[in-house]
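Just so it is clear, none of the values below were taken in a lab; they were calculated from the coordinates. On a predicted model such as this, the values are computed, not experimentally measured, just so you know. Note: ideal-geometry Cβ built from the backbone for every residue, glycine included; neighbour counts use all protein chains shown.
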Amino acid sequence: MAARFVVEADGGSRGNPGPAGYGAVVRDGDTGQLVAEAAGFIGHATNNVAEYQGLIAGLRAAHALDPDASVDVRMDSKLVVEQMSGRWKIKHPDMQPLAAEARTVFPRDRVSYTWIPRERNKDADRLANEAMDAGRAGRQWEPRPKAPATVAEPLPEPPLETTAPKAGWAAPADLGSPTTLVLLRHGETPLTPEKRFSGSGGTDPELSDKGRWQAERAAEALAARGSIQAVVASPMRRTRQTAETVAARLGLEVRYEEGLREVDFGDWEGLTFAEVHERYPADLAAWLGSAKARPTGSGESFATLTHRAGLARDKILARYPGKTVLVVSHVSPIKTLVRLALGAPPDSMYRMELSAASLCAVQYYADGNASLRLLNDTSHLR
């Protein structure tokens, strides 16, 4: 039986045009295991040319493994995906021959193209940057020896969930100052009181009048607390508005982190739970029963969310060691960070209540342990 591969490809140019490189990974389409990678420095070129070169390299790497395979190409370049899917015309003379070359690797009916967000294309992006770094140093890119296999979907849980040491009375006393993440859910939107699914694939609503009032109350409470040293937030409108209200009161700037976005609920966006149960009963049952199941359509699984939220957490901890950081996010990412801190199973998320504009707090120690200090505090809203 012919293989099924997933090709993730990317390219970049430092200057656009400027020194450019590409990267691509090939994964087993059934297991998600990494089976091949490719990268290269191409000299002076544009981002788009580099992205096409990454596509070609990924397709050729897949072809070398099995010329009869079917391939799902995933890229964060909307331009390349739409052009190769035949929905957009290819007008630029530099890209026309590259697109034609890409089409010669596999028959058209065995290749599909899917756009993915940049945060889900990190491996290809990393390889492209490695290739550009190698080119700047005057050498060719070489693969890392014995690179560990990685999985695209389903994604592994962050290490904290399974390998964190157990806290106990015998734990070392001097671990330095912990890093504290104060987790603030955004204020209400018009969809919140109606309990409608509102994720990153929907209308991106803004705060309601009550939501703005809640953000002001949170700002007052956190200003009184006096310990917040940085503010990081999801880039969605409701979290931006909440974070900016608090940050203005604290005299801080807001740093945005894509990994803190809410889950994409696919075709369920804007619907109530009852409406989803009526229209998609089987999909809803699967979603409630497994963290790897996705909402209908283009939805995102909680396994995927766990991976990106864990990466976002690790980036924040690395940037702000020993500090207290306000993290403004959504129900699902906050519940995920809480359950990871507790080492709780995925279905524990269904047993947590997080009100609009509520506060949680988690402390992280140098030995990898985490301690939940606060959950669903709404005292500032009374």
Enumerated helices (runs of 4 or more DSSP H) restricted to segment 218-292, each holding at least 1 residues that are of a type outside the set (A, V, I, L, M) and over 20 Å from Leu207 (Cβ atoms): 273-279, 281-289
Residue in segment 325-337 that is without any contact (Cβ under 8 Å) to a residue 40 or more places away in the chain, more than 22 Å from Ala219 (Cα to Cα) and in a helix (DSSP H, G or I) present: yes
Residues located in segment 218-236, provided they are surrounded by 15 or more Cβ atoms within 10 Å (Cβ to Cβ) and within 11 Å of Ala247 (Cα to Cα): Ala218, Ala219, Leu222, Ile228, Ala230, Val231, Val232, Ala233
Residue match in segment 295-312 (condition: among the charged types (D, E, K, R) and without any contact (Cβ under 8 Å) to a residue 40 or more places away in the chain): no
Given (1) surrounded by fewer than 16 Cβ atoms within 10 Å (Cβ to Cβ); (2) part of a loop (DSSP other than H, G, I, E, B); (3) not small (Gly, Ala, Ser), number of the condition Glu300 does not satisfy: (1)
Wholly within segment 1-104, strands (runs of 3 or more DSSP E) carrying at least 3 residues that are closer than 17 Å to Trp115 by Cα: 4-13, 18-28, 70-75
Of the criteria (1) free of Cβ contacts under 8 Å to residues at least 12 places away in the same chain; (2) part of a helix (DSSP H, G or I); (3) not aliphatic (A, V, I, L, M), which one Asp125 fails: (1)
Pairs with Cβ under 6 Å, 6+ apart, first in segment 212-230 and touching a residue at least 60 places away in the same chain (Cβ under 8 Å), second among the polar types (S, T, N, Q): Ala215/Thr242; Ala215/Thr245; Ser227/Thr324; Ile228/Thr324; Gln229/Thr324
Tally of residues being aliphatic (A, V, I, L, M) and either surrounded by fewer than 22 Cβ atoms within 10 Å (Cβ to Cβ) or in a helix (DSSP H, G or I) (or both) across segment 183-217: 2
Segment 303-315: number of residues that are buried (at least 21 other Cβ atoms within 10 Å of the Cβ) and either over 12 Å from the mean Cα position of the chain (by Cα) or of a type in the set (A, V, I, L, M, F, W, C) (or both): 3
Some residue of segment 92-114 being farther than 18 Å from Ala45 by Cα, surrounded by 16 or more Cβ atoms within 10 Å (Cβ to Cβ) and free of Cβ contacts under 8 Å to residues at least 40 places away in the same chain: no
